[in-house]
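Working notes, beginning with the structure itself.
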Amino acid sequence: KVKERLKADEVVPNLDKVSAVKVGRPKPKDHGFSVLERQCIRTAMEIRQKRRKEEEALLSRSIRVAPEVLPPDCKVFKWNRERWSDPRRKVQHELTRPTPWEKMELRSFIEKKCEKKQLNKEDVQALAKELSEKGLEEFGRFLKSHEIFEGNPWEETSQDTSALGMSLRLHNEKSGQAEVQVHPLESLRQDPEATMPAAAVSNLLLQLEWPRYDDDFLEKRIAELYDDLRRADFQGDKEAVVKYRTQALRLEGAKSLKEHVELNRKETGKVTEKGRFDVFPQTVIRSKRQIDESTGRIVLKVGMDLRSTSMGTIRRGVA
């Protein structure tokens with residue numbers, strides 16, 4: 001330590017004489033831009049900032065569209081909204097139109113009835129007649145009309161049946177602007193020997209109306225299915241039991257769905273008389289476990305819980 005002390009004696013007295021090293025600011029990097037190029041870069045930056053401020057102002061602004069400039073409602077959206085807004089309208093539509101999941105099974109069932117993969121006019125007419133007269137008892141539906149080559153039943157199903165739609169069609173017919181819809185089976189109408197795939201024919205037939213059978217027919221068919229189910233159960237045929245049970249439950253659902261939504265209910269127009277009852281207010285002290293925000297611990301807090309209980313169902317005019 002003697003050497004260190006000697007060194008300190010030499011250095012310490014001369015500390016005030018040493019000048020502090022000045023720290024200079026780093027020079028900005030020069031990219032070699034000219035004055036005009038720097039001015040263009042600065043202007044572009046200002047334009048971006050201005051556009052950003054305008055976009056933020058537009059996003060925070062509330063926009064109101066006048067009712068007279070609103071676009072017209074989409075027909076498909078309007079029909080779907082009216083159909084699904086009320087369960088009764090939905091069931092009313094399903095009385096004549098198969099549901100999407102019914103169409104999947106009906107399509108395969110109709111294709112199995114076709115003995116050929118390519119059908120001509122005579123085959124299609126015979127298929128439509130069989131589906132209309134015999135129907136499909138497994139699904140409780142039948143084709144409304146087998147006269148598919150006379151007129152265009154597809155045009156009736158695709159048209160708007162509202163008062164506005166009918167008035168527009170009448171106006172277009174009078175002015176000569178009515179659009180003539182081509183018959184989907186026009187090729188078979190022109191040439192009886194022409195053919196069409198069975199899958200395409202089944203898809204076209206499913207676009208028509210398929211009403212359900214009446215309740216009497218459904219009850220008779222359900223009873224027959226349960227008789228077949230009991231016989232299959234007695235014979236030990238599990239596949240047949242599942243098949244008959246599924247068909248019977250499907251027909252029971254189609255029959256009871258109208259009663260579930262009160263489709264057969266008649267509006268009497270009478271207002272039901274409201275009953276009178278007494279209200280008993282109650283105040284209950286209820287304890288709850290909560291977390292204290294200041295300490296973070298679980299504490300027990302007591303609060304007032306207000307409730308009311310109705311008592312009695314006294315009718316008007318009854319003492």
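The values are calculated or read from the model by the stated rules, or taken from the named source; none is laboratory data. The structure displayed is predicted, hence computed values, not measured ones. In this analysis, Cβ positions are derived from the backbone assuming ideal geometry, glycine residues included, and neighbour counts consider all displayed protein chains. For the accessible areas, the whole protein counts, side chains as well, though only heavy atoms, and no ligand, DNA or RNA atoms are used. Shrake-Rupley method; radii C 1.70, N 1.55, O 1.52, S 1.80 Å.
May I ask you to rank Phe33, Phe234 by accessible area, largest first, using a 1.4 Å probe over the protein chains only?
The ordering from most to least exposed comes out as Phe234, Phe33.
To the nearest 10 square angstrom, what accessible area does Cys40 show with a 1.4 Å probe?
Answer for Cys40: close to 80 Å² accessible.
Around Ala240, what is the net charge, scoring Lys/Arg as +1 and Asp/Glu as -1 over all other residues with Cβ under 14 Å from its Cβ?
-2
Rank Glu252, Glu115, Glu56 by accessible area, highest first, at a 1.4 Å probe radius?
Numbers: Glu252 65, Glu115 180, Glu56 110 Å².
Correct descending sequence by accessible area is Glu115, Glu56, Glu252.
Could you give the length gained by full extension between Lys301 and Glu130, i.e. 0.36 nm per residue of separation minus their alpha carbon distance, to one decimal place?
This chain segment gains 54.0 nm when fully extended.
Where does the charge balance sit around Thr43 when Lys and Arg score +1, Asp and Glu -1, over other residues with C-beta under 14 Å from its C-beta?
For residues surrounding Thr43, the net value is +3.
Tell me, what is the FRET efficiency for Asp216 and Trp84 to the nearest 0.05, using R0 = 30 angstrom and their Cβ-Cβ distance as r? Walk me through the intermediate numbers first.
Details: r = 30 Å, r/R0 = 1.00.
The computed FRET efficiency comes out at 0.50.
Going down the table (Lys90/Lys134; Lys112/Lys255; Lys112/Lys243; Lys220/Lys255; Lys75/Lys258; Lys90/Lys258), which pairs top 20 Å between alpha carbons? Show your work: numbers first, answer last.
On the way: Lys90/Lys134 26 Å; Lys112/Lys255 26 Å; Lys112/Lys243 17 Å; Lys220/Lys255 12 Å; Lys75/Lys258 27 Å; Lys90/Lys258 10 Å.
Table pairs above 20 Å Cα-Cα are Lys90/Lys134; Lys112/Lys255; Lys75/Lys258.
Given the protein chains as shown and a 1.4 Å probe, how many square angstrom of Lys255 are accessible, to the nearest 10?
Accessible area of Lys255: about 40 Å².
Want the number for Gln207 to Glu111: 0.36 nm per residue separation, take away the alpha-carbon distance, what's left? Intermediate values should be presented prior to the final figure.
Values: separation 96, 0.36 × 96 = 34.56 nm, distance 1.51 nm.
Stretched fully, the Gln207-Glu111 segment lengthens by 33.1 nm.
How big is the accessible area of Val302 in square angstrom, nearest 10, if you roll a 1.4 angstrom probe over the protein chains?
Answer for Val302: close to 100 Å² accessible.
Would you mind calculating the gained length between Leu59 and Val242 on full extension (0.36 nm times residue separation, minus the Cα-Cα distance), in nm to one decimal?
59.9 nm
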